[in-house]
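Everything on this sheet refers to the single structure shown next.
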Ligand code: S3P
C-alpha cells in the first residue's frame, strides 16, 4: 500500500515540476506582452482577451485558468501600478472589504487604518471616542497616516474621516493613488443600520444623519480622489476588479 502511495506521490511531484516549468514559461511571455504593449501604447489589461480564454474552459479548469490570469495581472500590476492604492470614502462604502480583496488579488500587503488604530489603543474606536473624544482619535489617525504613507506597494484602507485633515491627503498622495468609493446614502444606511461601531453616526444610525454628514464631506472626498468608483450595485470582488482595471488603463 505504502509503495503504491509513494509511487503516486512521485508522479505528482514530476507533474508539478512540469507545471512549474510551463507556468514560468507562461509568465515570461506575460512579461514580454507587457513590454510590447507598453512600447506601442496599448492598454495592458484586456478584459475581452481574458474572457475569451476563460470561456474555453469549464468547472475546475476554468478556475485554474482564472487563477493563472489573476497571477499574471498581479505580476503586471507590480510593475505597472508602482504606488500604494489608498481607499477613501464614507463609512459603509466598503473600503476595508474591498481593500482586502484588492491586496489579495494584487499580491500586496494590506493595512486597515481603523484596525491599526484599535490595535494601538487596545480598545474599540467607539470606546476611544467615549473616553478621549474625537480630536484624540483624529490625532492618532494622523500619526498612523504619517507612519503608513511612507511604505510602498501597499493597499491602505482609510477611516472615513481621514480626508478631513489636508495633511493626511497630502501625505497619502506622495506615495499613493487615492481611490474614492462612493455609494448612495440609502445604500450606506442599509449597510450600516444595525451597526453600533460608528461613533460619528450616533447610537442609532439615521438616514438623515448620513445624508447631512455625507453632504458636508462630499467635496473633500471628491477633491482628494484620483479615481472615483461607485459601489451601489457591485459586490466586493466586482469593485476590486473595476479598480484594478481602471488603474491599469491609466485612468488616474
Ligand atoms: C469615521 C469613520 C470610521 C472610523 C471612525 C470615524 C468617520 O471608519 O475611522 O469611526 O469620521 O467617517 P470607516 O469609514 O472605516 O467606518
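The values are calculated or read from the model by the stated rules, or taken from the named source; none is laboratory data. Keep in mind the model is a prediction, meaning the values are calculated, not measured. Every residue, glycine as well, gets a Cβ built from its backbone with ideal geometry; the counts of neighbours run over all protein chains shown.
Does the stretch 176-184 contain any residue that is surrounded by 14 or more Cβ atoms within 10 Å (Cβ to Cβ) and modelled with pLDDT under 95? No, that holds for no residue. Screening residue 70 on (1) surrounded by fewer than 19 Cβ atoms within 10 Å (Cβ to Cβ); (2) more than 14 Å from residue 241 (Cα to Cα); (3) touching a helix residue (DSSP H, G or I) at 6+ places or on another chain (Cβ under 7 Å) shows it passes everything except condition (2).
Here residue 86 does not fit the description of being assigned to a helix (DSSP H, G or I), within 30 Å of residue 139 (Cα to Cα) and touching a residue at least 60 places away in the same chain (Cβ under 8 Å). Those residues that are under 12 Å from the mean Cα position of the chain (by Cα) and assigned to a helix (DSSP H, G or I), I need them from the stretch 151-186; list them, please. Selection gives nothing. Of the residues making up the stretch 120-128, not a single one is part of a helix (DSSP H, G or I) and touching a strand residue (DSSP E or B) at 6+ places or on another chain (Cβ under 6 Å). Check whether at least one residue in the stretch 156-170 is touching a residue at least 24 places away in the same chain (Cβ under 8 Å), under 22 Å from residue 104 (Cβ atoms) and more than 14 Å from the ligand (Cβ to nearest atom), and report yes or no. No: zero hits. Within the stretch 126-147, the residues that satisfy the criterion of being within 22 Å of the chain's Cα centre (by Cα) and buried (at least 20 other Cβ atoms within 10 Å of the Cβ) are 141, 144, 145.
Filter the stretch 75-88 for residues that are over 13 Å from residue 246 (Cβ atoms) and buried (at least 16 other Cβ atoms within 10 Å of the Cβ) and give the result. Listed by number, the residues that qualify are 75, 76, 83, 84, 86, 87, 88. Here the stretch 106-119 is the region considered, the condition is being more than 9 Å from the ligand (Cβ to nearest atom) and in a strand (DSSP E or B), and the residue that is surrounded by the fewest Cβ atoms within 10 Å (Cβ to Cβ) is 109.
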